[in-house]
Amino acid sequence: MKDYNALPPDETDRIIEMAWEDRTPFEAIEYQFGLSESEVIQLMRRQLKTSSFKLWRKRVNSGTSQKHLKTRSTQIARFRSARQRIISNNKITKR
């Protein structure tokens, strides 16, 4: 278990960005940052506005969510969308 309160701001921003993306599974966040799903949820709860957190949780808990590797199609074998460009300075470059 990693203390998410001790994370640098740039890592916290990246974790929130990854959690917000529909195609990035919780397992990818755990692999890269060492935070479990419950720790990511706690981080999101503390960092987001209440309304934003509720929208995110509703979307993640919906039946169409791909946030868990077990519920994903076996054809998806990557952590990020093929359409996503290189991330620099924690911002996705524009198309």
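In the set (1) loosely packed, with under 13 Cβ neighbours inside 10 Å; (2) modelled with pLDDT of 60 or more; (3) not hydroxyl-bearing (Ser, Thr, Tyr), the condition left unmet by Gln66 is number (1).
Number of residues in the range 1-46 that are modelled with pLDDT of 85 or more and touching an Asp or Glu at 6+ places or on another chain (Cβ under 9 Å) equals 9.
The values are calculated or read from the model by the stated rules, or taken from the named source; none is laboratory data. Just so we're clear, the structure is a prediction, and the values are computed from it rather than from any experiment. A quick note on method: Cβ atoms are made from the backbone with ideal geometry, for glycine too, and the neighbour counts reach across all protein chains shown.
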